[in-house]
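The values are calculated or read from the model by the stated rules, or taken from the named source; none is laboratory data. Being a predicted model, the structure only gives us computed values, none of them experimental. Glycine gets a Cβ as well: all are built from the backbone with ideal geometry, and neighbour counts include every protein chain shown. Areas reflect the complete protein model, heavy atoms only, side chains present, ligands, DNA and RNA absent. Shrake-Rupley method; radii C 1.70, N 1.55, O 1.52, S 1.80 Å.
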Amino acid sequence: MDTCLEIRQVVSGYGYGTVLRGATLNVPRHEMTCLIGPNGAGKSTLLRAISGLIAVQSGEILLDGMALQGLTPRQILEAGVVHVPQDRSLFPTLSVWENLLMGGFIIRDSGEVRRRASALEERFPTIRQFHNAHAGSLSGGQQRIIEFARALMLEPKVVLADEPSLGLDPKSRTLVFETLTAMSRDGITVLLVEQNARSALRVSDHAAVLELGTVRIEDRAANLLDNPEVGRLYLGASAAAHRRLPHAAHVRT
Ligand SMILES: Nc1ncnc2c1ncn2[C@@H]1O[C@H](COP(=O)(O)OP(=O)(O)O)[C@@H](O)[C@H]1O
Ligand SMILES: [Mg+2]
């Protein structure tokens, strides 16, 4: 396995409380990895530890072998890891285009920022369609797409996406998952946290179950879909009754 992001025995939390208790996970390059697990397991905390928003007490987080723990969020961003948080993060009263430009805030050359934004506009019809609209006037799903596009402004190696389908209707959810799939096909390494475990596993290549701050199972996503214990605990009903869709042929093994 060609690992892009390696999380080794990470211990982290808030104040005196430990949430992550030795979490270990390999995130393969150019693939989509999904992290599932019960509420409060520490999924968002792990993403925050990776992006430097909270301190790593012990353990290592390696991006292509380079230690990220101890770096500032800005340094981690510059190293190529962009975090799309769970809460809506667009500036609602700015236009979609202005929000996109914000994604390039650490790039000094304003011409380069515009070039990248224009290239993303070519690729994302939602940006073309709503260029001048206030970001806050878009639907939840459309806002998520703009957030992903904004994350791509820095041409990251890794995108961390925290529950992007939360609160979306089924159609928007599909669009969000399709956008993430397209990003991973374009060579971005994606680490996706999801409550919609079945939908997320179907579009992912690799996967892990986080429980009580440790990764209890890590395997190819297709194997997790077929794992009876995962089916019973996280996928609802019997796993056999909800076989993978035949069109999930992009799942690389
Ligand atoms: N900002 C915070 N301050 C203190 N405790 C927090 C904070 N955010 C989350 N926690 C606690 O950390 C634990 C893991 O939370 P979280 O990582 O959000 O779980 P998940 O994303 O898997 O639902 C929970 O017990 C939660 O209450
Ligand atoms: Mg969370």
**Complete:** Applied in sequence order to the range 100-115, the curve 6.51 cos²θ - 1.76 cosθ + 1.60 (Karplus, θ = phi - 60°) yields integer Hz couplings, x standing for Gly and Pro, of 4, 4, 4, x, x, 4, 8, 8, 6, 6, 5, x, 5, 4, 5, 4
**Intensity falloff of the chain expressed as log10 I(q)/I(0), Debye formula with alpha-carbon point scatterers, at q = 0.08, 0.13 Å⁻¹** = -0.30, -0.81
**D226-R29 FRET efficiency (beta carbon distance; Förster radius 30 Å; 0.05 resolution)** = 0.80
**Relative contact order [Cα under 8 Å, 6+ residues apart], the range 1-153, whole percent** = 20 percent
**Message:** Helix-only estimate, please: 222 nm mean residue ellipticity of the chain, summing -39500 (n - 2.57) across DSSP H runs of length 4 or more and dividing by its residues, to the nearest 500.
**Reply:** -9500 deg cm²/dmol
**Asked** So if R0 is 45 Å, what FRET efficiency would D186 and Y16 give, r being the distance between their Cβ atoms, rounded to the nearest 0.05?
**Response** 0.60
**Request:** Would you kindly compute the Cα radius of gyration of the range 75-171 and its largest Cα-Cα separation (Dmax), both in Å?
**Result:** 12.8, 39
**Message:** How big is the range 188-231 along each principal axis, measuring the range of its Cα positions in Å and listing the largest first?
**Reply:** 27, 23, 17
**Fill in**
The long-range amide H neighbours of C4, using H built 1.01 Å from N in the peptide plane and a cut-off of under 5 Å, are V27, R29
**Request:** Please calculate how many Å² of accessible area the chain carries per residue, with a 1.4 Å probe and no DNA, RNA or ligand atoms counted.
**Result:** 45 Å²
**Complete:** Scoring only Lys, Arg, Asp and Glu (+1, +1, -1, -1) among other residues with Cβ under 10 Å from the Cβ of I127 yields +1
**Asked** Taking N as the number of residues in the range 25-141, what value does Rg over Cα atoms divided by 2.2 N^0.38 Å take?
**Response** 1.24
**Request:** Rounded to the nearest 0.05, what FRET efficiency do K171 and D219 give with R0 = 22 Å and r taken as the Cβ-Cβ distance? Could you check?
**Result:** 0.15
